[in-house]
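So the structure is just underneath, and the comments pick up after that.
The numbers here are math on the coordinates, done by the rules we state, and not lab data. This structure is a prediction, so every number in the text was calculated from the model and none was measured. As a convention, Cβ positions derive from the backbone with ideal geometry for all residues, glycine included, and neighbour counts pool all protein chains shown.
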């Protein structure tokens, strides 16, 4: 499985000089091959997986009229739900989630020992009865933080809510020592954008809600553990 | 006896048949809803449907000469796919994870190199109405995670009129009750003047994928071409949107 290396600086594409009116393609400069000697890395590892499931549902009045009403309502909002699902997926993609988790210092929030953070770029379905490690890491001190899903719901009577489903598993060798799963929702103060509208405020709101949910989850986990 | 009846029902109403019934119902809705809309619109007073009269064209005056602009364009990373089906509650990248029943949306046709190639085919001079426009399409992503908040140019130098178009995300999307489409999320950063702070605009644009006839051995190729065409159409839409901001 590919991992995102968060420490290697990416080289910028070199600018090709071209006359006015021309359309050129810039070739990226070669990546740096040598790195300065780094301090010794922590022995513990924290692996992070982004959300594999993102759902968005806007409900109208039809949702109150049984199965037929739900079907009509789903049909009426199909395009909007598809758009919202794609927008949340993009706004909270692997890079955005990794940045948000760095900002709130997830390792410290979870009261983990100093750890090397490895962010996987593809979501994963975490089975309830699977006690094995998801990654192939053999580190003795090892933890997994999985964003199991993101769910956006908006009804007629209330603003949009984003719920984040999270889990943390701590291993001692090959044995699961702690397995904690929970979810938390946060109300969004802004509407998700339509095509052509400014996506900035909604992007900020989603990231803020994600940080809030993760922080709440980590606090709950820490209190439960204490 | 009850067990026998349930077993019989299970044999008759398999998941495939239930999906068929739901899809048939949805197709029926697609016929009924437009008719209902036409009937509803007929009831609206004519004055409410009146379109604004366009302003008369400006006198034909020669436009002042403006310095040509420089656009730098970056593709997105690997595209995501999203699907919301009858039995799939909002899966992301299910094709890469081998989710059963997840549709093939031909997103591999929009890898970063393919995006760069497709972007280099767009008639940017026409889109910006600037025949002297200089465009540089970069082969890889910007590699930064703060493109929206960044206030400086990513490429040093350049003229006073300098623009960046960064495709931040690309999603090929589909749902049980909606057609397949390509959605582009992008940021336009406008720097007017050598030391000017950028004027940002971030938004999204979408274009439907016209599904070709499912016959012939070259269906996959035509499907990839359709996905790539939708990507270019979405980019053109975004360019039109950003012109107003």
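Brief remarks on what is shown
- Cα-based Rg and Dmax for segment A:176-225, where Dmax is the largest Cα-Cα distance (Å): 15.0, 48
- Full-stretch length increase - residue B:68, residue B:156 - with 0.36 nm per residue and alpha-carbon distance subtracted: 30.0 nm
- For segment B:70-242, the antiparallel share of DSSP beta bridges with both residues in that region comes to about 65%.
- When each of the peptides B:228-240, A:105-117 is scored by the mean number of other C-beta atoms lying within 10 Å of its residues, the order from highest to lowest reads B:228-240, A:105-117.
- Residues of segment A:194-226 with amide N under 12 Å of a point placed 7 Å along Cα→Cβ from residue B:149: A:204, A:208
- Across peptide B:131-143, the average count of Cβ atoms from other chains found within 10 Å of a residue's Cβ is 6.
- Computed over segment B:70-242: relative contact order in percent, which uses C-alpha pairs under 8 Å that are six or more apart: 26 percent
- Spacing of the two label points (7 Å from each Cα toward its C-beta) at residue A:180 and residue B:104, in nm: 4.5 nm
- FRET efficiency, 1/(1 + (r/R0)^6) with R0 60 Å, evaluated for residue A:223 and residue B:117 via beta carbons: 0.70
- You can think of it this way: the chain between residue A:136 and residue A:172 has 11.5 nm of extra reach, that is 0.36 nm per residue less the Cα-Cα gap.
- Compactness of segment B:70-242 as Cα Rg over 2.2 N^0.38 Å, two decimals: 1.12
- For the pair residue B:132 and residue B:196, a Förster radius of 22 Å applied to the C-beta separation gives a FRET efficiency near 0.60, rounded to the nearest 0.05.
- Radius of gyration over Kirkwood radius for segment B:191-245, both on Cα atoms: the Rg/Rh ratio is 1.26.
- Taking every C-alpha pair closer than 8 Å and separated by at least 6 residues, the mean separation divided by the residue count of segment A:76-165 gives a relative contact order of 17 percent.
- Counting Cβ atoms of other protein chains within 10 Å of each Cβ in A:188-200 and taking the mean gives 4.
- The simple Förster model, with R0 at 45 Å and r as the Cβ-Cβ distance, assigns residue A:190 and residue B:214 a FRET efficiency of 0.65.
- Alpha-carbon gyration tensor eigenvalues x 5, square-rooted, for segment A:58-171, Å: 36, 16, 12
- Rel. contact order, % - alpha carbon contacts under 8 angstrom, at least six apart, segment A:42-225: 28 percent
- Highest mean packing comes first when the peptides A:145-152, A:216-223 are listed by Cβ atoms within 10 Å, giving A:145-152, A:216-223.
- Spin-label pair residue A:156/residue B:179, simplified geometry with 7 Å Cα→Cβ offset, distance in nm: 3.0 nm
- Among the residues of B:120-127, the average count of other protein chain beta-carbon atoms within 10 Å of the residue beta-carbon is 1.
- Two-decimal ratio, segment A:91-226, of alpha-carbon radius of gyration to 2.2 N^0.38 Å: 1.13
- Protection proxy ranking, peptides B:220-226, A:91-97, average beta carbon neighbours within 10 Å, highest first: A:91-97, B:220-226
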